[in-house]
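The structure appears below as structure tokens.
Rule-based calculations on the coordinates, nothing more; no lab input. On a predicted model such as this, the values are computed, not experimentally measured, just so you know. Glycine also receives a Cβ, built like all others from the backbone with ideal geometry; neighbour counts cover every protein chain displayed.
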Amino acid sequence: MNLGEIEKKVLEKIKPRREEYELLMKAYRKIESTIYKILEKHGVKAEVTLQGSVAHDTWLSGERDLDVFVLFPKEWSIEELRSRGFSILLEAAEEIGNYSIRYAEHPYVRVILDNVQADLVPAFKLNSPKEVRTAVDRTPFHTKYVNEHLDEELRDHVRLFKRFLKGLGIYGAEVKVKGFSGYLSELLIIKYGGFHDVISRAAEWKAPVFIDMIGDPGIFRVLRKKYPESVMYVPDPVDPARNVAAAVSLYSLATLVIASKCYRVNPCIEYYYPSTSSLEIDFSFIDNRCIVLVTLESSEFSKLPPDVLWGELHRVTDRAVKLAERFEFNVMDWSNWTDEERIAVIGLEVDECSKEYPKLYQGPPYYSSKRVLDFISKHVFKGSIGPWIRRDGLLLALGSRKYVSIRDLLIDRTWEYLVAPHFRGLTPRVYILGEDPFDVLKLMDRDWVVGFVFKRRDWINCCIR
Ligand code: CTP
Ligand code: MG
């Protein structure tokens, strides 16, 4: 379980120091006592607990997020938890500092005090995970499990693995990322016994990946049935019918597998910390390419929970790709981005921005009498080239295209891709890199644009032998 030089260097940066622990605990004590005070005022008996990576001691220096779960009586209904429980947390938050209301499966409150961010989450106090009613009720059992299975050394391995995943851009189960959650990272380290062991295993993975956390291979069938879309299956040790890896996308899985193969050959710091070069976009990189950015603006975006917004953006992106392909643009890459406030962007790279040459129309088979005659008449009247019968027997014609340019296609056929509730009816602007003024890039995240144009991640440069 010896770590290499690079890994020791990374650990040096991400292992929190004593002062940082103290800062967090001071904030936690303040939150804890305020919530107890409000609970008492309302005569409610509940338990304030610290959960998540701070309770597991697997958090990374600089990431000061407290997960504070307030456990209410299980005799309460879910509605009571969401109204009464939530309003108590809201009242506490008003006293603690700046706060905002967030939504996951149910509402919670995010407060900021002294450079520390804390999520105050209402949940039930349960005796066993079998009684779980909401998604967050499992969390206290996760904390117990993780703390029983991780020692001092392995906690550092978790930190290292999390930093590795963050560097690769695949850390977190949120819809934006669809990657590996903190808890999943912890389970993998527990299962395989260290960072290098996880990397070696991951290097050999192929979907569907099943990790037997509980010594019951039969659970794989149960999970596959319940999560038919997943590419990775990891039964939750505290509730085995739940797949901890349900959110992992094929992109995230493939990225971890390829990066692991590469890392074993030649580890380097770029996996953990991609250099955020101040390089401007190099114009020579976009010569002879067609990179299209479709921007969509709406003041509604800021009101949506990020998971909803990203979910809709993924769907809209998918539909834009299909639309472009249906009109014979060869889509070589796509991506998307949003500031989660007012702008969303779809990026497409196609082989050519405009298709000047005619379109090949394929006719019906020679033996289908009526359709053959219809096809011939239609193309003769349209002034197409042909129709003719090619040497392989196909009836064909060369005609004009409905959309010569991808820009016109994306501006004209919005109803075919802006299909999500908060995108329907928006007016897209279409920018082509190199053709249109570069000002538009100021609206979006530079790293995203640079990543989409350059494509090669820093760590790929280390992957050579
Ligand atoms: N959790 C979960 N499933 C998720 C997200 C969160 O079960 N998809 C639970 C886990 O028990 C996790 C806790 O909620 O430990 C806190 O979640 P989060 O803050 O997202 O992860 P951490 O483990 O705290 O990791 P970090 O904050 O360091 O990223
Ligand atoms: Mg956390």
- [ ] Specify, per residue and in Å³, the volume enclosed by the convex hull of the alpha carbon atoms belonging to the chain.
- [x] 212 Å³
Open item on the list: Under the √(5λ) rule applied to the eigenvalues of the Cα gyration tensor, what semi-axes describe the equivalent ellipsoid of the range 118-224? Give them in Å, descending.
Closed with: 23, 18, 16
Task: Reciprocal of mean inverse Cα separation for the range 376-465 (Kirkwood radius, Å) - done: 18.1 Å
Open item on the list: What are the equivalent ellipsoid semi-axes of the range 321-403, built from the alpha-carbon gyration tensor (square roots of five times its eigenvalues), in whole angstrom, biggest first?
Closed with: 37, 12, 12
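Give the Kirkwood hydrodynamic radius (Å, one decimal) of the range 26-177, defined as one over the mean of 1/r across all pairs of different Cα atoms.
Answer for the range 26-177: a Kirkwood hydrodynamic radius of 16.4 Å.
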TODO: Can you bin the range 264-347 into rounded, prolate or oblate? Criterion: square roots of the alpha carbon gyration tensor eigenvalues sorted a ≥ b ≥ c, rounded for a/c under 1.5, prolate for a/b above b/c, oblate for the rest.
DONE: oblate
Open item on the list: Rounded to whole Å, give me the distance from the Cα center of the range 207-259 to that of the range 86-147.
Closed with: 26 Å
Task: Most positive-pole-ward Cα, PHE164, LEU409, SER284, against dipole of the chain from beta carbon charges - done: LEU409
Open item on the list: Ranking request for peptides 173-185, 291-303, 202-214: highest mean number of other beta-carbon atoms within 10 Å first, then the rest in descending order.
Closed with: 173-185, 291-303, 202-214
- [ ] Could you point to the residue in GLY43, LEU60, LEU23 farthest towards the positive end of the range 21-65's charge dipole, with +1 and -1 charges on the Cβ of Lys/Arg and Asp/Glu respectively?
- [x] GLY43
